[in-house]
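Colleague: Got a structure for you, written out below as structure tokens; questions coming shortly.
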Amino acid sequence: MAKKKPATSPALVHIPVTGPGTDSLSKEQKTFNRLTKRIGKLEAEVNEFRAAAGQLRQRVQNEYRPLQSQHHDQRAALVRALGHAYEHQKLTKTERNKIVDLVVDKCADLLNRGYADLEPIFDKLDPPPTVEEAAAFEAEEADLEAQTAEMMKDMYRRQFGIEFDEDADVSTPEKFQAYVTQQLADQQAEYEQAEAEAAERRAKRKKSPKQQAAADQKKAEEQNTTQAVRTLYMDLVKHLHPDREPDEAEKLRKTELLARVTTAYKAGELLTLLRLQLELNRIDQAHLENLAEDRLRYFNKLLREQVRELDQQLFDEQMALQNFTGRGYFYTTSRAAMELDFLHMKANLEQKIRQLEAEVTAFGHDPKALKAFLKDYKIPRRGMGPMYIQL
């Protein structure tokens, strides 16, 4: 069996040291080497994280989601066992209250997961309110909403300077939010108009010689930076133009390379263009060593921007994985950490399934087992924050 050909690493782009140590390099040359090294490291991190996250997502779909379905099945079985015991077994008032808490508060999500047969159990344990109870509840909710609305109005007055008209309809959270959004939009429009008028006044003022010189220098640097990248781009385009290649295979290769060049140019990826120049022998290390300081300064500006973009890419990949797993990205910063965290979560879920299965079986054969279970279970106190019950 033929060995798999290893992927080629990107060409190393750095300015060689000609003397002992790094003292022979200028400040811009040292910065260039530091930035190209940093970009190479970030590119590897982004690619590695993206590949590892893709594999993790696949494992979650193939291995974890089926376990979640089994877990919900066992939770539904527990609800059936508790519902049967509530209706047919002799229980104390405290035991009944604990069953209601376990079923109604901890397993209500099962009704939205396709377990329609559980509805009669929920109706039995949590019957709908009477007409009088519903009316009292609605009155209480209306009073609470009115108090909340007044508190929100006061908060927006103090923090954002929003004044609420007497005839403003903020009777629902949606209408309240719509009113606030419109007021903030009006404030932003006024601010932007004031800023535009101030900018127009500043533009009409005659700049001092020092200010004009600084503006001219900034504009010249931006143009030189753009031209520096365009020079690299045009050199590669001329070299790779497929229309000048008679060989079909070579023409296809140059077409693919030209697509890479164009993509890199549009994205402002200077390092990618330099790598391609090295790969195609358009430049050598000696050429980099002899780059003028002003050209290096323009290059370094682009390389810093590329570093920022790669940092953002890595952060976006981490946030996307966090949104998928619900776990903080700091738990899964590497392939090994992802594997360890996944195995830990998978083992915990498997243990919960086994525990629920054993408890449901025990409840069906021994009423004392249910009483022992309920004795150990404590109803969480209200207002203590989130409580995580191992069901």
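Colleague: Fewest Cβ neighbours within 10 Å first, please rank Phe122, Phe137 accordingly.
Modeller: On the way: Phe122 18, Phe137 11.
Going from sparsest to densest Cβ surroundings: Phe137, Phe122.
Colleague: Follow-up question, since we're still on this one. From the phi of every residue in the stretch 167-172, what ³J(HN,Hα) in whole Hz does the Karplus formula 6.51 cos²θ - 1.76 cosθ + 1.60 yield, where θ is phi - 60° and glycine or proline is x?
Modeller: For the stretch 167-172, the Karplus curve yields 8, 5, 8, 10, 6, 10 Hz.
Colleague: Shifting gears a bit: Can you give the FRET efficiency to the nearest 0.05 for Asp167 and Ala189, using r as the Cβ-Cβ distance and R₀ = 25 Å?
Modeller: On the way: r = 22 Å, r/R0 = 0.89.
So, using R0 = 25 Å, E works out to roughly 0.65.
Colleague: Please give the contour-minus-distance gain from Arg230 to Glu119: 0.36 nm per residue of separation, less the Cα-Cα distance, rounded to one decimal in nm. Can you show the working numbers first?
Modeller: Working: separation 111, 0.36 × 111 = 39.96 nm, distance 6.79 nm.
Taking Arg230 through Glu119 to full extension adds about 33.2 nm, to one decimal.
Colleague: Okay, moving on. Could you grab the relative contact order for the stretch 224-362? Cα pairs under 8 Å, six or more apart, rounded to a whole percent. Before the final figure, lay out each step's value.
Modeller: Details: 65 pairs, mean separation 26.5, N = 139.
Taking the mean separation of contacting Cα pairs over the length of the stretch 224-362, I get 19 percent.
Colleague: With r defined as the distance between the Cβ atoms of Arg65 and Gln182 and R0 fixed at 45 Å, what FRET efficiency is calculated, to the nearest 0.05?
Modeller: Details: r = 43 Å, r/R0 = 0.95.
Using R0 = 45 Å, I get an efficiency of 0.55.
Colleague: Can I ask one more? Using Cα pairs under 8 angstrom and six or more residues apart, how large is the relative contact order of the chain, in percent?
Modeller: Values: 226 pairs, mean separation 134.6, N = 391.
That works out to 34 percent.
Colleague: Starting from the Kirkwood Rh over alpha-carbon pairs, what translational D in µm² s⁻¹ does the stretch 225-351 have by Stokes-Einstein at 10 °C and 1.306 mPa s?
Modeller: Details: Rh = 17.9 Å.
Value of D from the Cα-based Kirkwood radius: 89 µm²/s.
The numbers here are math on the coordinates, done by the rules we state, and not lab data. The model shown is predicted, which means the values in this text are computed figures rather than measured ones. Here the Cβ is made from the backbone with ideal geometry for all residues, glycine too, and neighbour counts use every protein chain on show.
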